[in-house]
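Contents: one structure, followed by commentary.
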Amino acid sequence: MKRVEENEFIQVRTTVNGRSYTFSTEARVNLADALRYELGLLGTKVGCEHGVCGSCTILVDGKSSRACLMLGVQAEGREINTVEGLANGKELNPLQESFRRHHALQCGFCTAGFLATATELLRENPAPTRAEVRERISGNLCRCTGYETIVDAICDPAVAAFARGEQDA
Amino acid sequence: MKFPAFAYARPTTIDEAVTLLASDEDARPLAGGQTLLPILALRMSMPSCLVDLNDIDALKNITVGDGIVTVGAMVTHATNLANEEHRTHLPLLSEAVRHVAHEAIRSRGTIGGSLAHADAAAEMPLVVLALDATMVIANQQGERRVAAGDFFAGHYTTAIEAGELLTSIEFPISDHRWAFEEVARRPGDFALVMAATGLKAHNGVCESARIALGSVADRPIRAPAAEDFLVGKKINAEVAAEAAQIATQDLKSHGDIHASAEYRRTVAGTMVKRALVRAATEQSA
Amino acid sequence: MLKSDVAQFPLNAIGQSILRKEDPTLLTGRGRYIADIMLPEMLHAAFVRSPFAHAKITHIDVSAAAAIDGVELVWTGADTAKYTQGVSAGQNCENYVHTTQPAIAHEVVHFVGETVAIVVASSRRLAEDAAELIDIDYEELPVVANIEQANEATAIANAAIPNNIIHHHVRVAHDVDDTFANAAVVVEDVFYNNRVSASPMETRGCVVRHEWTTGLITFWSATQIPGFLRTMLANFLQIPEHTIEVITPQVGGGFGQKAHVHVEELIICLCARELSVPVSWIEDRQENLLSATHAKHQINTVAIAADKDGRFLALKNHATTDSGAYNCFPWSASIESKIGIGTCTGVYKIPLVHGESLEVATNKCLIGAYRGVGWSAGQTAREILIDRAARKLNLSPFEIRRRNVVRTEDFPYTNATDLRIHEGTFLETIDSLERMVDYESFRKRQLDARAQGKYLGLGLSIFHELGGIGTRTNSYFGNPVTTYDSSTVRVDPTGTVTVTTALASSGQGLPTTLAQIAADALGVSVDKVVIRAESTANAYGLGTFASRAAVFGAGSIGRAADVLRTKIKQIAGHMLEVSPEDIVLENNTVHVAGVPARGMSMAEVAGAIYFAESTHPENFDPTMEATATFDPADHILANGGHAAIVEVDIETGIVQIEKVFAVEDCGQMINPMIVEGQMRGGIAQAIGATMLEELVHDENAQLVTTTFMDYLLPSAVDVPDIEIEHLTTPSALVPGGIKGLGESAMISAPAAVAGAVNDALDCLGVSLTRGAITPNRIFEALRNARQ
């Protein structure tokens, strides 16, 4: 690929939540801003812009990733999953339901990031221990909940059943 | 904290990448971006061009042969962590990479990126030094090799020159038993101090030892006097403590807001001691 | 009818852990926060912020920046000075030095991070590019970098503050010297509380649209205080208040940091008016750490004198705040030390007290409100000293406190700072925590561990909280400010209930908890109630802070609903041919007491009220909307306690927090699930503030910790599982007996955590009185103790 100069636009084709998108942007726009402002997918939040807080965590080709530490143009050819893709139509998925049941969110700003991290964890391990969950979510910061109810939500048996079902599917 | 403007290229071969880098001395390779992009967000660096390496498949291979494990520079930490063969051939790498940041960072961050950035508080520079790895560097003339001991030149400084690209790391398959210890404020944080120790023993007596320290200087360091001291000894808590003392007594470390020089020096010793005891214990029978 | 009247209604939804109405929106990414607001023609702002703590701006040239294509405005302090002096703040009491922070710094900068210029452009990235081209020359001035330097007053941080003294106040000055001289036990020390940031996951931000054709301003802000912000925008910008609407989108956490009027809000408003297009400012994290209010930075010199039985005889507490360069608005620098001294005796009976506060100016970011405000630092100091006294006297930490807390038989007890304590379950809290901790077992475990070279520790803290802060409590803290909070309650024509209020939510669940209150006040189900708090088009009020939303919500909704309930009973009585006193409202129906079949649905009654005059009794006023204010008649006193068990690795200084125990008495809980969420979240912040978080400045008052790589927030591995129990002392001052509790954990849990580390290391001769308790500080303390 040849060098594209500053301020030139690059066309990007990507799949987000199973849907194809095309957009054009400068190379320097990060993926979080591209998802939010080019594609109108505002559910991914930006908390620090240096990869620490985890609010912007999404799934890229199934792997958790900081959207603020990727370029929008790096979405080319990738399959991205954001929080908007979790619900089944107008029904919260069992992980989201579990978060609600356990009061695993307060202001909601960090929640999309936690859901992405939890989704990845549960795919690998449908029934993690509380310690495993704490370690796995230690890269997502929450200022409101104190984390315990998030751990409760992820360890809920209904979530394990859902995760096993997803695995079998 | 938006990135400054930069030109952008995403080559698919090593040659293309080297050409792009050689043609613009202010161009920088973009590996995982987990270190470089925060630097750009803070506008602490303003490269003219980012050469995105993520489409160069040739940089992503892991091959084993002739007693060497070759790990491509663009192999991610997550890939290294998940790699089963590493647990046999390079157990130190498997153990240490667990301490690198968090899953979402490891899924993009690469071993090559970490080494080229050369943060003295990062795990990968310590690992390559402990394992006597060789860095393979490509340039327009071809390829050259630099041993780990010669690769790190100071804070954020390596032997890579303008127009060059780190392409792979060659690890001799280790015949030592390894243990890695680090102190970090929170899991995944940069280490306040870290140590890696490797032991080869016969009938409980040490034949060869490797001791490497990280986050105590401007680059990872080995402790040859302590390594020599251990040869011919049976490793127990006392011997480990004495080796740790030898390894750290002349250390002139640095202080910052997270830890004083004295803390680093003393606790580095504790890390060496704990790592030696663990490495010795795990090679029972 | 008085604004302190307490409405009475049966509790039904109140007390239930109802799942939150707002969650589906937030869980699906459909919540719209300030950064999600996109308007046609909207431009984006970026600030240039001072790199020096104290300097004259000798030259500023914006021409290169302004020339860039896409840049629409570049302003400096000279520009904003034409329209506003800035934010003036200070406490209205004697000897208080008021300050005015200019909107954009003009001629002099007083802290690193202060605004010196603004660029408004087509994108934030372009604005940041342009900002770098602004040419500014500074002439550095002497810096006041800490309290010691402020006291020396060789350098003056802000010329408006003579001798760097913002305020000095002696709250109580009993003669304590003899008592200290003759006491069996004296414990004393100097406690350095670390400067921290509330650090909500969402930074600050605002979007302003000024429509020149109507003169109307729409002001979106991530704020906790929309009503008050509106009034103060009018005040500081000399814009007619009625032309301003403040809209609160979803707010991603506030914790007090978003309960200020920020200079940036003034600046963006002026820019929007200048440009006639919407202007958006979304603070980035570095800006937030640099320039959003800091907190907790106090030095407390404390001494306690006790008799041989551990009874407290006297207390001395001198508290100094490193206040930064200006008073924050509206709290002023008094939010730390002065407030802290106001509760320096806590829940204990201490007859003789010398309590004094000092706020000094430094060349740092403003100190402002953060959960627990000035109470945290004093609480930590006092509880650690109480533990020391216990050790000296061979008493358990529980027993020494038992001997000193105000007890039921003492109520009402007026303490040395003139606080009339009329209720509280302090003794019960101590007993509960002792049982939860299993104290005897712990001490045994601690001894066994020590034999193995492991160091466990237990910390304890018992507290009460003056929440639900209204006029009375303001006055107690020396703030002669009247509070005004109201709600409007409407029964809609179809029998649903619409409530409007200024109690904006930033995560504490008000859309649900206030609905629970309104539901019970009118006998309808929670799903029939909506709470509208998003706009100042709604009922006016000061907002959500100081553990007050539940109290003011219940109080004002209760009073307003009372008016409607009376009328509903009146018309229903008429329609059902019974006396209004025999009518009850419950389960969405209005019926004869004891005879549910003889009644109508709320919908039927409402329809009749609105549209069927023939059903009305004589002289019936069908107005189905009522607005009422609320301001409690006395202090709202919640209480509780915390205990923490830690293990310290003395080789590395790493501390693991094994478990935290918490007891809370916040009267009648509206929603226990939400109460516990507040407790757990506050405890996590307490762990952060005690062990991890520290805003560090160098000798030039440069902030060194400007990103999350250096300012360390607690993660899921740093916060353990927390065991919680509740006590219930309903408040007679609030409908339902509800009290506020939002700040409780940040007032008290830091003391428990710090106390635990001190307990672990006391046997090694170590005491830690400087926060944060970092591995390095533990290491140094152990080393010094060995020498």
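Brief remarks on what is shown
- A single entry from C:Ser525, C:Ser486, C:Ser475 fulfils the requirement of being buried (at least 19 other Cβ atoms within 10 Å of the Cβ) and either under 19 Å from C:Trp331 (Cα atoms) or of a type outside the set (Phe, Trp, Tyr) (or both): C:Ser486.
- Residue that is farthest from A:Glu26 (Cα to Cα) [pool: residues in the range B:22-69 that are among the hydroxyl-bearing types (Ser, Thr, Tyr) and touching a strand residue (DSSP E or B) at 6+ places or on another chain (Cβ under 7 Å)]: B:Thr63
- Subset of the range A:134-156 that is assigned to a helix (DSSP H, G or I) and more than 12 Å from chain B (Cβ to nearest Cβ) - its residue that is nearest to C:Pro720 (Cα to Cα): A:Glu148
- Selection over the range B:206-258 of residues that are of a type in the set (Val, Ile, Thr) and buried (at least 21 other Cβ atoms within 10 Å of the Cβ) gives a count of 4.
- Filter pass, C:Val646 being away from every other protein chain (no Cβ under 14 Å) and either touching a residue at least 24 places away in the same chain (Cβ under 8 Å) or outside any strand (DSSP E or B) (or both): yes
- One residue stands out in the range B:1-36 among those that are in contact with a Cys (Cβ under 6 Å, 6 or more places away or on another chain) and outside any loop (DSSP other than H, G, I, E, B): the one that is nearest to the other protein chains (Cβ to nearest Cβ), namely B:Ala7.
- Flag for B:Val193 being surrounded by 14 or more Cβ atoms within 10 Å (Cβ to Cβ), at pLDDT 95 or above and under 15 Å from the mean Cα position of the chain (by Cα): yes
- All helices (runs of 4 or more DSSP H) inside the range B:74-178 with 3 or more residues being crowded, with 24+ Cβ neighbours inside 10 Å and away from chain A (no Cβ under 14 Å): B:91-97, B:111-117, B:123-130
- The residue pairs whose first member lies in the range B:197-208 and is more than 17 Å from B:Arg222 (Cα to Cα), whose second member is surrounded by 22 or more Cβ atoms within 10 Å (Cβ to Cβ), and whose beta carbons are closer than 7 Å, counting only pairs six or more residues apart or on different chains, are B:Cys206/B:Leu199; B:Cys206/B:Leu230; B:Cys206/B:Ile235.
- Residue match in the range C:666-679 (condition: in contact (Cβ under 8 Å) with a residue 40 or more places away in the chain, over 30 Å from C:Gly15 (Cα atoms), of a type outside the set (A, V, I, L, M, F, W, C) and within 11 Å of chain A (Cβ to nearest Cβ)): no
- Within the range C:204-233, the set of residues being within 19 Å of the chain's Cα centre (by Cα) and either farther than 22 Å from C:Thr544 by Cα or hydrophobic (A, V, I, L, M, F, W, C) (or both) comprises C:Ala222, C:Ile225, C:Phe228, C:Leu229.
- Screening the candidates C:Ala549, C:Ala515 for the property of being more than 14 Å from chain A (Cβ to nearest Cβ) and either of a type in the set (Gly, Ala, Ser) or in contact with a Pro (Cβ under 6 Å, 6 or more places away or on another chain) (or both) yields one hit, C:Ala515.
- Boolean, A:Thr111 is buried (at least 21 other Cβ atoms within 10 Å of the Cβ), in contact (Cβ under 8 Å) with a residue 60 or more places away in the chain and either of a type outside the set (D, E, K, R) or more than 10 Å from chain C (Cβ to nearest Cβ) (or both): no
- Top-ranked residue of the range C:544-595 - restricted to ones that are in contact (Cβ under 8 Å) with a residue 60 or more places away in the chain and in contact with an Asp or Glu (Cβ under 7 Å, 6 or more places away or on another chain), ranked as nearest to C:Gly523 (Cα to Cα): C:Arg559
- Residue in the range C:238-261 that is at pLDDT 95 or above, among the small types (Gly, Ala, Ser) and more than 27 Å from B:Ala41 (Cα to Cα) present: yes
- Only listed residue being outside any strand (DSSP E or B), over 30 Å from C:Ala643 (Cβ atoms), in contact with a strand residue (DSSP E or B) (Cβ under 8 Å, 6 or more places away or on another chain) and in contact (Cβ under 8 Å) with a residue 12 or more places away in the chain, chosen from C:Ala515, C:Ala504, C:Ala449: C:Ala515
- In summary, C:Glu94 fulfils each of the numbered conditions (1) of a type outside the set (S, T, N, Q); (2) in a loop (DSSP other than H, G, I, E, B); (3) touching a helix residue (DSSP H, G or I) at 6+ places or on another chain (Cβ under 9 Å) with the single exception of condition (3).
- Against the criterion of being free of Cβ contacts under 8 Å to residues at least 40 places away in the same chain, outside the structural domain of C:Gly681 (by TED's automatic domain parsing) and either touching a helix residue (DSSP H, G or I) at 6+ places or on another chain (Cβ under 8 Å) or buried (at least 24 other Cβ atoms within 10 Å of the Cβ) (or both), C:Ile531 qualifies.
- Residues that are more than 14 Å from chain A (Cβ to nearest Cβ) and part of a strand (DSSP E or B), drawn from the range C:694-726: C:His697, C:Leu703, C:Glu725, C:His726
- Some residue of the range C:587-609 being closer than 30 Å to C:Thr473 by Cβ and buried (at least 22 other Cβ atoms within 10 Å of the Cβ): no
- The listed residue being over 28 Å from A:Leu41 (Cβ atoms) and in contact with a strand residue (DSSP E or B) (Cβ under 8 Å, 6 or more places away or on another chain), out of C:Ala103, C:Ala67: C:Ala103
- The residues on offer are C:Ala756, C:Ala785, and the sole one that is buried (at least 22 other Cβ atoms within 10 Å of the Cβ) and either assigned to a strand (DSSP E or B) or in contact (Cβ under 8 Å) with a residue 12 or more places away in the chain (or both) is C:Ala756.
- Set C:Val663, C:Val675: member being closer than 18 Å to C:Glu725 by Cβ, out of contact with any Lys or Arg (no Cβ under 9 Å at 6 or more places or on another chain) and not in a helix (DSSP H, G or I): C:Val663
The values are calculated or read from the model by the stated rules, or taken from the named source; none is laboratory data. Everything quoted here is computed from the prediction, not taken from an experiment. Using ideal geometry, Cβ is built from the backbone for each residue, glycine included, and neighbour counts are taken over all protein chains shown.
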